[in-house]
Each structure stands twice: as C-alpha cells, then as structure tokens.
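One structure is given here, and the rest of the page talks about it.
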Amino acid sequence: MNITCLDSSTLTRGDIDFAPLEALGNFSHFDRTAPSQVIERSHDAEVILTNKVVLDAGIIQSLPNLKLILVCATGVNVVDLDAATAREIPVCNVAGYSTPSVAQHTAALLLSLVTKVHRLASEHEEWPRSPIFTRLTHSITELAGKSCGIVGLGEIGSAFAGIAEALKMKVQVLAREGSSNAHRPDLPRVSPEEFFASSDVVSLHCPLTSENEHLIDRTTLSSMKPGSILLNVSRGPLVNEVDLAEALRSGHLSGAGLDVLSTEPPSPDHPLFAPDLADRNLIMTPHTAWLSLESRRRLLSGVVDNLKNWIAGTPSNRVA
C-alpha cells in the first residue's frame with residue numbers, strides 16, 4: 001500500500017517518528033507540496049495524508065489509485081468532501097488531540113494581556129532607570145471576578161472554561177440556535193446582546209462556518225464592553241481584522257490575543273501589523289497553540305489509528 005504525506009513539515013521539526021506509518025505500507029513524505037505538485041506526487045498513492053495541502057475536486061478525480069484521505073487536523077476544509085463522497089473515498093480527521101495545548105495557549109495570551117508581561121519583559125532596560133523599586137508604566141488587571149465569555153463550548157472551550165474558573169472568573173457561554181449543552185450544562189447560556197455587553201473577555205473556540213464568518217465585526221465589537229479583551233485561537237476568518245484594528249486603535253478594546261489570522265502566513269502589510277498598533281496591547285502568535293510535542297504525538301497516533309481501522313474495514317473519525 002502506497003501512503004503519501006504531502007506536508008510533513010507541518011507535523012514535525014525532526015522530533016516525530018513516522019515508523020508506525022512506515023510499518024503499514026510504502027510511506028513517503030514531502031516537507032511541503034505546491035498545488036502544481038500534488039497530482040504528480042500522489043499519482044500512485046492509495047492513501048494520502050494532508051494537513052493544509054488542498055485536495056479539490058479536480059485533484060481527487062485525477063488520482064485513480066486513491067482509496068483513503070487522512071486529514072492530519074480536525075478541520076477538513078482543505079478537502080472537497082463532495083468529490084470524495086462521489087468516488088466513495090473515505091475522509092477521516094483527528095479531533096481532540098490539541099485540547100490541553102490550545103487551552104494552555106489561550107490562558108497564556110490572556111495572562112500576558114492583563115499582566116503586560118510581554119511588554120515589561122521587552123523593556124528590561126527601563127527598570128534600572130526607574131526612580132523607585134518598580135515601574136508603574138503599564139496598567140495591570142486582576143481577572144478574579146471578571147466575566148469570561150466563551151463562544152463554542154466544545155472540548156477546547158470547556159477546557160479553557162475550567163482555567164478561567166480556576167482564575168476566579170465568572171464564565172458564560174454565547175447561546176446559539178441549535179448548539180448543544182452537552183459540555184458544562186451548568187454554565188449560563190446568554191443572548192448575543194447580553195453576552196457581548198457583559199463579557200470582560202471574549203474567547204473564540206468555535207469551528208468556522210458560513211454562518212459565523214466575521215462573527216466579530218464592527219457591530220459586535222462596538223457592542224462589546226469598553227475595555228474588554230478578545231481572544232481567538234480558533235479560526236482567523238471568525239474576525240474581521242480591519243474592524244478589530246480599528247477597535248484597538250480607538251481604545252474600545254483594551255487588548256487582543258490572536259493565534260490565527262484569516263490568511264496564513266499573512267502578508268507583511270496585514271492591517272494588524274500596522275506600526276501604530278504596536279502599543280495597543282495586541283499579541284499575535286503564528287498558529288502555534290496546537291503544536292506542543294505531546295499534541296503532535298497524539299495527532300500522529302490518531303492518524304495511525306484511523307489508517308489501521310480503515311484497513312480493518314471499520315473506518316474511524318469519518319467525516320465523508
């Protein structure tokens with residue numbers, strides 16, 4: 001069985017062992033694959049692994065030997081599911097592997113924003129110049145007693161809710177039509193109007209859909225509590241980034257922590273890279289919340305399990 005991974009550089013920095021995949025077939029992998037290279041590199045593959053390389057309808061139809069697509073992530077928007085279904089090619093993903101890592105990263109962003117650790121640490125040369133033992137340059141905020149609003153109470157949202165509660169925050173959840181109360185039914189679900197107006201922190205943990213793209217825009221930002229904080233470790237297009245830049249610039253938000261942007265990698269002239277936002281308490285990390293070594297090992301284990309189960313005739317985590 002020929003198994004091809006199209007973008008192994010998204011999974012390893014030399015610290016992940018692909019032996020479990022090598023034991024299941026003729027395994028080959030490429031650090032990165034350009035769109036023009038996908039068909040050539042995958043022509044003989046029966047199983048394709050992809051994280052971010054797009055497998056559109058044209059590519060899927062052009063691969064005569066393809067029998068299984070394994071997505072090395074939870075989101076499957078890189079695969080044309082209709083085209084895969086038409087050819088009866090199962091598509092399997094991996095969920096839950098990054099929960100501790102992403103929840104931890106969300107907390108790190110929040111704590112940095114309210115303690116100004118990131119700014120104080122970058123200004124270490126100012127401490128010797130201080131006339132007193134400390135520096136009162138940046139305001140620092142206690143989270144205890146503040147309201148933490150969570151959008152999307154799946155595994156990651158629930159994990160972060162627990163961290164917020166440990167910090168003595170009051171957690172509430174955005175009520176959405178059709179959303180499940182399976183996780184933490186004890187937490188209050190509040191209307192959008194109340195949610196945005198009363199949350200000191202709004203943290204996004206929901207998948208991207210056509211309905212919630214730009215959920216955070218000029219309208220919702222203006223309805224957010226003055227001085228509140230926005231966190232997004234979910235999907236970049238949930239936020240209208242031009243509108244967010246203006247909310248930070250105006251001082252309506254006291255800060256924002258982002259691990260995702262609408263285009264990745266972003267262009268150098270991205271609106272949130274504007275020089276005048278440098279002192280607006282904005283922290284951006286390059287989509288790194290998920291990539292702890294433990295998380296990546298769980299991801300590979302999930303991919304291997306999906307492949308083994310498909311070989312056994314019982315595909316797991318099948319999304320198409």
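Annotations
- Extension gain, Ser179 to Asp276: 0.36 nm times the residue separation minus the Cα-Cα distance gives 31.0 nm.
- A cut-off under 10 angstrom between Cβ atoms defines the neighbours of His214, and their net charge, with Lys, Arg +1 and Asp, Glu -1, is -3.
- Three-way shape call for segment 147-203 based on the alpha-carbon gyration tensor, with the a/c threshold at 1.5: oblate
- The chain: Lys pairs at Cα distance under 26 angstrom, eight or more positions apart or on different chains: 12
- Residues whose amide H comes within less than 5 Å of that of Ser228, counting only those at least five positions distant or on another chain, are Ser254 (H built at 1.01 Å from N in the peptide plane).
- Normalised by the number of residues in segment 99-284, the average gap of Cα pairs under 8 Å and 6 or more apart makes the relative contact order 19 percent.
- Over the chain, relative contact order from alpha-carbon pairs under 8 Å, at least 6 apart, %: 17 percent
- Cα shape, segment 52-199, gyration tensor, a/c 1.5 rule: oblate
- Cβ-defined net charge surrounding Asn2, 15 Å radius [Lys, Arg +1; Asp, Glu -1]: -2
- In the chain, taking the dipole from charged Cβ atoms about the Cα centre, the farthest positive-side position among Val260, Ala57, Ser179 is held by Ser179.
- Projecting the Cα atoms of Ala45, Met224, Ala166 onto the charge dipole of the chain (Cβ charges, centred on the Cα centre) puts Ala166 farthest toward the positive pole.
- For segment 40-160: relative contact order, % (alpha-carbon pairs under 8 angstrom, 6 or more apart): 21 percent
- Of [x] 24.6, 91; [y] 19.7, 64; [z] 21.9, 74, the label for Rg and Dmax of the Cα atoms in Å derived from the coordinates: [z]
- Phi to ³J(HN,Hα) by Karplus 6.51 cos²θ - 1.76 cosθ + 1.60 over segment 236-246, Hz, x for Gly, Pro: x, x, 5, 10, 7, 6, 5, 5, 5, 4, 5
- Net dipole in debye of segment 99-284 [+1 Lys, Arg Cβ; -1 Asp, Glu Cβ; about Cα centre; nearest 20]: 560 debye
- Relative packing of 162-173, 38-49, 233-244, which averages over residues the other C-beta atoms within 10 Å, highest first: 233-244, 38-49, 162-173
- What separates the Cα centres of segment 212-290 and segment 48-75 is a distance of 31 Å.
- Net charge dipole, segment 157-198: roughly 140 debye, given to the nearest 20, about the Cα centre with Cβ charges of +1 for Lys and Arg and -1 for Asp and Glu.
- Amide H within-cut-off set for Phe27, under 5 Å, with H built and near neighbours excluded: Ile3
- Under Karplus coefficients 6.51, -1.76 and 1.60, residue-wise ³J(HN,Hα) of segment 75-87 in Hz, glycine/proline x: x, 10, 5, 7, 10, 6, 5, 5, 5, 5, 5, 4, 9
- Close amide H contacts of Gln172 (hydrogens built in the peptide plane, cut-off under 5 Å, sequence separation of 5 or more or a different chain): Cys148, Gly149, Ile150.
- Charged-residue dipole, Cβ positions (Lys, Arg, Asp, Glu), the chain about Cα centre, Debye nearest 20: 700 debye
- Coupling constants for segment 304-318 follow from the phi torsions by the Karplus curve (6.51 cos²θ - 1.76 cosθ + 1.60, θ = phi - 60°), and in residue order they are 4, 4, 4, 5, 4, 5, 5, 4, 7, x, 10, x, 10, 6, 7 Hz; glycine and proline get x.
- Cα centroid of segment 20-44 to Cα centroid of segment 128-165, whole Å: 43 Å
- Highest GNM mean-square fluctuation among Pro131, Pro207, Pro271, for the chain modelled with Cα contacts below 10 Å: Pro131.
- Stretched out straight at 0.36 nm per residue, the stretch from Leu293 to Asp186 would grow longer than its current Cα-Cα span by 35.2 nm.
- Summed residue charge, Cβ within 13 Å of Gly178's Cβ, Lys/Arg positive, Asp/Glu negative: 0
- Between Ile39 and Leu111, the FRET efficiency estimated from the beta carbon spacing at R0 = 45 angstrom works out to 0.45.
Readers should treat all values here as calculations from the given coordinates under stated rules, not as data from a laboratory. Computed from a predicted model, the values in this text were never measured in an experiment. With ideal geometry, Cβ positions are generated from the backbone for all residues, glycine too; neighbour counts draw on all protein chains shown.
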